[in-house]
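The values are calculated or read from the model by the stated rules, or taken from the named source; none is laboratory data. Only a predicted model underlies this, so the values are computations on that prediction, with no experimental measurement involved. Counting neighbours? That spans all protein chains shown, and the Cβs are built from the backbone with ideal geometry, glycine included.
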């Protein structure tokens, strides 16, 4: 830029900077709602509407080095990415069970291809049993870790906590709750 454009006044006029004002909180929420579908599709999660509102509110209050809607977009993007990684990072026991299931499916397909129907039937019975066990264990693990594919306000607050170090519980309290608790805190 400095080498070619600043030296040429005509080019510099053509590449004049365009200044865009930071959108209001309501406009930023509308921008996030417009981007919601693309981010949901990209990360394979669903955004709760309250999460979008909290992303704008919390980023406005606690992230000062960037402007809206960029900081809110980064917030929802990182929250979805963390959720997706948590969903896919299953414990070793489940991963091993999934591997056994894959091997069993391959053995069953091989038996069918070789027309070894007796072994194929055994493999199929074992596969159905193992699939059932795996689904049950997976459901228990997700319930235990409270993993669903919905990004909510708590996920947004967790990311803000990681960025700023401010405790998550204090981020989700409403202003009225904070005022009621102020007397006890003082």
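Before moving on, here are some points about what is shown:
- Evaluation of residue 129 against the conditions (1) over 30 Å from residue 50 (Cβ atoms); (2) under 32 Å from the mean Cα position of the chain (by Cα) shows that the sole unmet condition is (2).
- All positions within region 136-155 that are more than 14 Å from residue 86 (Cβ to Cβ), loosely packed, with under 13 Cβ neighbours inside 10 Å and modelled with pLDDT under 90: 139, 140
- Checked against the criterion of being under 20 Å from residue 159 (Cβ atoms) and surrounded by 13 or more Cβ atoms within 10 Å (Cβ to Cβ), the candidates 79, 111 yield just one match: 79.
- When residues of region 65-75 are limited to those that are in a loop (DSSP other than H, G, I, E, B) and touching a helix residue (DSSP H, G or I) at 6+ places or on another chain (Cβ under 7 Å), the one surrounded by the most Cβ atoms within 10 Å (Cβ to Cβ): 69
Yes or no, residue by residue, for (1) over 23 Å from the mean Cα position of the chain (by Cα); (2) touching a residue at least 24 places away in the same chain (Cβ under 8 Å); (3) over 18 Å from residue 31 (Cα atoms); (4) not in a helix (DSSP H, G or I):
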| site | (1), (2), (3), (4) |
| --- | --- |
| 60 | no, yes, no, no |
| 77 | no, yes, no, no |
| 86 | no, yes, yes, no |
| 94 | no, yes, yes, no |
| 99 | yes, no, yes, no |
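- Check on residue 103, part of a helix (DSSP H, G or I) and more than 29 Å from residue 165 (Cβ to Cβ): yes
- Of the residues making up region 34-58, those that are surrounded by fewer than 20 Cβ atoms within 10 Å (Cβ to Cβ), in a helix (DSSP H, G or I) and out of contact with any strand residue (DSSP E or B) (no Cβ under 9 Å at 6 or more places or on another chain) are 34, 35, 37, 38, 41, 42, 49, 50, 53, 57.
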